[in-house]
Amino acid sequence: MARALVQPLTDTDFSHKGFGYFKAKEAYLGHVPVTAMRLSYVGELGWEIYTTADMGAKLWDTLWQAGQEFGIVAAGRSAFNSMRLEKG
């Protein structure tokens, strides 16, 4: 689901082959410049996505809107701990 949500927002290749694990890329998600790092601390496909402080709300809105068709929820940072334990 992560790739299906992010890929339509960018011209940058977020495929497994185009963006391998533990790699970083600069890209735009919508109109937001980001640095994306292909890693996940919960054991699932994902990225750490960074932008400047002044673009943080715009990035949130962009991802939130794109995620509506997938039933995205705002789980919060504390959910990582439970997900990491579950994944082992």
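The values are calculated or read from the model by the stated rules, or taken from the named source; none is laboratory data. The shown structure was predicted, so the numbers you read here are calculated from the model rather than taken from an experiment. Just the protein is used for accessible areas: all its heavy atoms, side chains included, with ligands, DNA and RNA removed. Shrake-Rupley method; radii C 1.70, N 1.55, O 1.52, S 1.80 Å.
Before moving on, here are some points about what is shown:
- Whole-number accessible area per residue in Å² for the chain, which is evaluated in the context of all protein chains at 1.4 Å: 70
- Heavy-atom accessible surface of the chain: percent carbon and sulfur, 1.4 Å: 55
- Max mean-square fluctuation residue, GNM over the chain, Cα-Cα springs under 10 Å, options Glu69, Glu44, Glu26: Glu69
- Normalised alpha carbon radius of gyration of the chain [divisor 2.2 N^0.38 Å]: 1.08
- Calculated mean residue ellipticity, 222 nm, the chain: -8000 deg cm²/dmol, from DSSP H runs (n ≥ 4) at -39500 (n - 2.57) each, averaged per residue and rounded to 500.
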